[in-house]
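Report on the following structure.
The values are calculated or read from the model by the stated rules, or taken from the named source; none is laboratory data. For clarity, every value in this text was computed on a predicted model and none was experimentally measured. Ideal geometry is used to build each Cβ from the backbone, glycine not excepted, and the neighbour counts take in all protein chains shown. Accessible surface is based on the protein model in full, side chains and every heavy atom, while ligands, DNA and RNA are left aside. Shrake-Rupley method; radii C 1.70, N 1.55, O 1.52, S 1.80 Å.
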Amino acid sequence: MMAGVGGGNDFQWCFSQVKGAIDEDVAEADIISTVEFNYSGELLATGDKGGRVVIFQREQESKNRPPSRGEYNVYSTFQSHEPEFDYLKSLEIEEKINKIRWLPQQNAAHFLLSTNDKTIKLWKISERDKRAEGYNLKDEDGRLRDPFRITSLRVPVLMPMDLMVEASPRRIFANAHTYHINSISVNSDYETYLSADDLRINLWHLEITDRSFNIVDIKPANMEELTEVITAAECHPHQCNVFVYSSSKGTIRLCDMRAAALCDRHSKFFEEPEDPSSRSFFSEIISSISDVKFSHSGRYMMTRDYLSVKVWDLNMENRPVETYQVHEYLRSKLCSLYENDCIFDKFECCWNGSDSAIMTGSYNNFFRMFDRNTRRDITLEASRENSKPRAMLKPRKVCTGGKRKKDEISVDSLDFNKKILHTAWHPKENVIAVAATNNLYIFQDKIN
């Protein structure tokens, strides 16, 4: 049973772990750019701006130590992407990992897709704890033996060795995107996946690297007529013919690949009519959708724009069924957020395992949770100040004007350089991972 958000009789969040250096001056390459649990929740992957992928594995429970569900330790680290240069366009291609998506586990090995702006790679992560010894043609140190000195035939045997975790690239899907890739999503048939850039969405087969099908293309013949770009795309969790993509105009299109090979004509169009009274210079910027996620059930989808999270019923296109304000107190600060470019920050959002709660990030290392059943919400902070194991997270409040209470923080003292863009929720339990710049925080529930 998944409990709610906290603050009532259900449970409270407490600190479990923090990964990453404490340094004040953070190297750009160490900034975390994506966080993703695998399907079982036993592994947790992060990608960073330096092109590295770090995989954490949940600590196995043993008899002599107390069970701690939120303990994750480094399992494997590898360089997924390197910086490249496009000589045709004289453009540098960053190594930054934009997205990681796990494939469901089929055998002893694990597979994941990682992408930078241009190239998607399929990685295999496997374990080795035995090695063959007793070869006929070479010595133990690998030197070739003189064939004339071999007098008997030996049968090599497998000997135990220290566990090695190896990451190897099995497929490289390149040269299919003119613009920057913003999303990858594995389809529910587990054979295909889609990748989206600013203007196009491609469908790939996991076994085939030299061709993909272009299923959406919104590029106008004359680029001066361009009015919107694709910001995110995701496959439906159960119906392999259905996918959605969101746009910078705040709309979401649902497409059905059974209807046509090229899905430029959508099946459903989700848009909330704008309230004319709240229209401003920034309306279009803040209505741009930065993330879209289907619920695990496949009945709902959630979209994140700059100030709010909306939950849509797939059967109702004209307005969302739920709207949650993430940081409404920033509406009066949009001018300065525009000047320091924060207004273009792309916050992600995620569901808990039972779709009863949602989580998304904010500034000042705050992150927000909303309980869909009780409509309660809470603001929590990822900080090292209360980073003792199992220390309770105190709810934070932002004061918007008038007299500030003792434990409130004023809007003017929020740190806009500390932002939580990437979060992940364990698929079955109340364990969450929150990326704060170069640190990964792991929190878990403390059931009363």
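Per-residue answers, yes or no, for (1) small (Gly, Ala, Ser); (2) under 28 Å from His296 (Cα atoms); (3) touching a strand residue (DSSP E or B) at 6+ places or on another chain (Cβ under 9 Å):
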position	(1), (2), (3)
Arg170	no, no, yes
Ala174	yes, no, yes
Thr178	no, no, yes
Asn182	no, yes, yes
Glu191	no, yes, yes
Leu194	no, yes, yes
Ile215	no, yes, yes
Ile218	no, no, yes
Ala221	yes, no, no
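Of the residues making up the range 411-432, those that are more than 30 Å from Arg101 (Cα to Cα) and open to solvent by less than 30 Å² (accessible area, probe 1.4 Å) are Val411, Leu414. Would you say Asp275 is modelled with pLDDT of 95 or more and of a type in the set (Asp, Glu)? So Asp275 fails the test.
Would you be able to say whether some residue in the range 417-432 is modelled with pLDDT of 90 or more, within 15 Å of Cys14 (Cβ to Cβ) and hydrophobic (A, V, I, L, M, F, W, C)?
Taking the range 417-432 first, the residues modelled with pLDDT of 90 or more are 417-432.
Then keep just the ones that are within 15 Å of Cys14 (Cβ to Cβ); that gives 426, 429-432.
Next, from what is left, pick out any that are hydrophobic (A, V, I, L, M, F, W, C): 431-432.
Yes: the range 417-432 contains one or more residues that are modelled with pLDDT of 90 or more, within 15 Å of Cys14 (Cβ to Cβ) and hydrophobic (A, V, I, L, M, F, W, C).
Residues in the range 205-228 that are among the hydrophobic types (A, V, I, L, M, F, W, C) and within 20 Å of His266 (Cα to Cα) were compared, and the one that is surrounded by the fewest Cβ atoms within 10 Å (Cβ to Cβ) is Ala221.
Taking each residue of the range 1-22 that is of a type in the set (Asp, Glu) and looking for partners that are modelled with pLDDT under 90 with beta-carbon atoms closer than 8 Å, six or more apart or interchain, yields Asp10/Ala3; Asp10/Gly4; Asp10/Asn448.
Quick check, is Glu339 open to solvent by 70 Å² or more (accessible area, probe 1.4 Å), closer than 24 Å to Phe416 by Cβ and more than 25 Å from the chain's Cα centre (by Cα)? Yes: the conditions hold for Glu339. Across the range 234-254, the qualifying residues are those that are touching an Asp or Glu at 6+ places or on another chain (Cβ under 7 Å) and of a type in the set (S, T, N, Q), and the one among them that is nearest to Ser297 (Cα to Cα) is Asn241.
Note on the range 81-95: among residues that are open to solvent by less than 90 Å² (accessible area, probe 1.4 Å) and assigned to a loop (DSSP other than H, G, I, E, B), the one that is farthest from Arg171 (Cα to Cα) is Ser90. Does Ile378 meet the test of being part of a strand (DSSP E or B), in contact with a strand residue (DSSP E or B) (Cβ under 6 Å, 6 or more places away or on another chain) and either open to solvent by 60 Å² or more (accessible area, probe 1.4 Å) or over 25 Å from Val53 (Cα atoms) (or both)? Against the criterion (part of a strand (DSSP E or B), in contact with a strand residue (DSSP E or B) (Cβ under 6 Å, 6 or more places away or on another chain) and either open to solvent by 60 Å² or more (accessible area, probe 1.4 Å) or over 25 Å from Val53 (Cα atoms) (or both)), Ile378 qualifies. Listed by first and then second residue, the pairs with beta-carbon distance under 6 Å, at least 6 apart or on different chains, first residue in the range 409-434 and free of Cβ contacts under 8 Å to residues at least 40 places away in the same chain, second in a strand (DSSP E or B), are Ser410/Cys399. The condition of being part of a strand (DSSP E or B), open to solvent by 30 Å² or more (accessible area, probe 1.4 Å) and among the β-branched types (Val, Ile, Thr) holds for only one of Thr303, Thr323, that being Thr323.
Summed over the range 169-195, residues that are more than 20 Å from Phe294 (Cα to Cα), part of a strand (DSSP E or B) and open to solvent by less than 40 Å² (accessible area, probe 1.4 Å) total 1.
Specify which of the listed residues (Phe347, Phe370) is assigned to a loop (DSSP other than H, G, I, E, B), hydrophobic (A, V, I, L, M, F, W, C), at pLDDT 95 or above and crowded, with 18+ Cβ neighbours inside 10 Å.
Values: Phe370 fails: assigned to a loop (DSSP other than H, G, I, E, B).
Among Phe347, Phe370, only Phe347 is assigned to a loop (DSSP other than H, G, I, E, B), hydrophobic (A, V, I, L, M, F, W, C), at pLDDT 95 or above and crowded, with 18+ Cβ neighbours inside 10 Å.
Within the range 356-414, the set of residues being within 24 Å of Glu24 (Cβ to Cβ), polar (S, T, N, Q) and within 19 Å of the chain's Cα centre (by Cα) comprises Ser362, Asn365. For the range 433-448, the tally of residues that are farther than 24 Å from Ile289 by Cβ and either modelled with pLDDT of 95 or more or part of a strand (DSSP E or B) (or both) stands at 9.
Scanning the range 282-308 for residues that are closer than 15 Å to Ser248 by Cα and of a type in the set (A, V, I, L, M, F, W, C), we see that the one that is nearest to the chain's Cα centre (by Cα) is Val292.
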